[in-house]
Amino acid sequence: MLSAVLVEKSEPRLFSGRAEAQRLQLLQPWRFKLYLLKSLPLALAAGLRLVRLDAQECVVALPGGWRTRNPFGSTYFAAQAMAAELSTGAPAMLLAQAATRSTALILVEIRAVFAKRILGPVLFSFSDLPGMKEAIERAGEQDEPVAFTAHSMARGDDGVVFSAFEVTWSFKRRAVVLSTSSA
């Protein structure tokens, strides 16, 4: 009797169909590198890695070292922006792909606060995937674009925040194209 009360509710799946298949592929390190080579070669050169991508969070690793270092010995801001964009863009791409209506996405703004110099590897994390999904669903129901500001935080191994990014994405329902066939 008590066991029926303790049954956990299954969490609704955030990604479905093709988007779930692509998510699983991106989580395989060699497939992720192939994806970067094809679509984001600069991210491959910088050594970005997709650590986690699920219904709770997207985490991207930014390595320290010569590939991401600026002349002052810390991590170049552009490398940080690339990791922040990927931590919010990967779920945006998959959620738009899984939407019931065809939805376009584009990055429209990025803001950053640099709290501490990054001298080694850090993790960029974004965790409001349900909020992003809701924005994409709203965009599918209307003709006007919907903006969503995603917050990506760069943390070290000890949890200290090095930088914080606000990445604003715009989602818009694609127009339905009716094909006309001439006889």
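No value in this document is a laboratory result; all are computed from the given coordinates. On a predicted model such as this, the values are computed, not experimentally measured, just so you know. Reconstructed Cβ throughout: ideal geometry from the backbone, glycine too, with neighbour counts over all protein chains shown.
Annotation: for a label point projected 7 angstrom from Cα along Cα→Cβ of Glu20, residues of the range 28-55 with backbone N closer than 15 Å are 54-55. Once the Cα-Cα distance is subtracted from the 0.36 nm per residue extended length, the Asp54 to Thr100 segment shows a gain of 14.6 nm. Once the Cα atoms are used to define both axes, helix 77-98 deviates from the longest principal axis of the chain by about 20 degrees. Note on the range 15-173: Lys pairs 8 or more places apart or on different chains, Cα atoms under 27 Å apart, count 4.
For Gln142 and Thr168, the difference between the fully extended length at 0.36 nm per residue and the C-alpha to C-alpha distance is 7.5 nm. Taking packing as the residue-averaged number of other Cβ atoms within 10 angstrom, the listed peptides 147-158, 83-94, 61-72 run from highest to lowest as 83-94, 147-158, 61-72. Local charge for Glu137 was computed over the other residues whose Cβ lies under 11 Å away, with Lys and Arg +1 and Asp and Glu -1, and equals +2. Across the range 15-173, C-alpha contacts under 8 Å between residues 6 or more apart give a mean separation that, scaled by the residue count, equals a relative contact order of 24 percent. Zone of Glu109 (label point 7 Å along Cα→Cβ, backbone N under 14 Å): which residues in the range 136-155? Under cut-off, by backbone N: 146-151.
Need one number: % antiparallel among DSSP beta bridges in the chain, to the nearest 5. Bridges in the chain that DSSP calls antiparallel: roughly 100 percent. If you take all other residues with their beta carbon under 14 Å from the beta carbon of Pro63, and give Lys and Arg +1 and Asp and Glu -1, the sum is +3. Residue-wise HN-Hα couplings along the range 103-110, as the Karplus relation 6.51 cos²θ - 1.76 cosθ + 1.60 with θ = phi - 60° gives them from phi, are 10, 8, 9, 8, 6, 10, 7, 9 Hz; Gly and Pro carry x. The charge dipole of the chain, taken about its Cα centre with unit charges on the Cβ of Lys, Arg, Asp and Glu (plus for the first two, minus for the last two), comes to roughly 640 debye.
In this structure, the amide hydrogen of Asp128, modeled 1.01 Å from its nitrogen in the peptide plane, lies closer than 5 angstrom to those of His151, counting only residues at least 5 positions away or on a different chain. Of the residues Leu53, Ser74, Ala19, the one whose Cα sits farthest towards the positive end of the charge dipole of the range 14-77 is Ser74 (charges of +1 on Lys and Arg Cβ, -1 on Asp and Glu Cβ, taken about the Cα centre).
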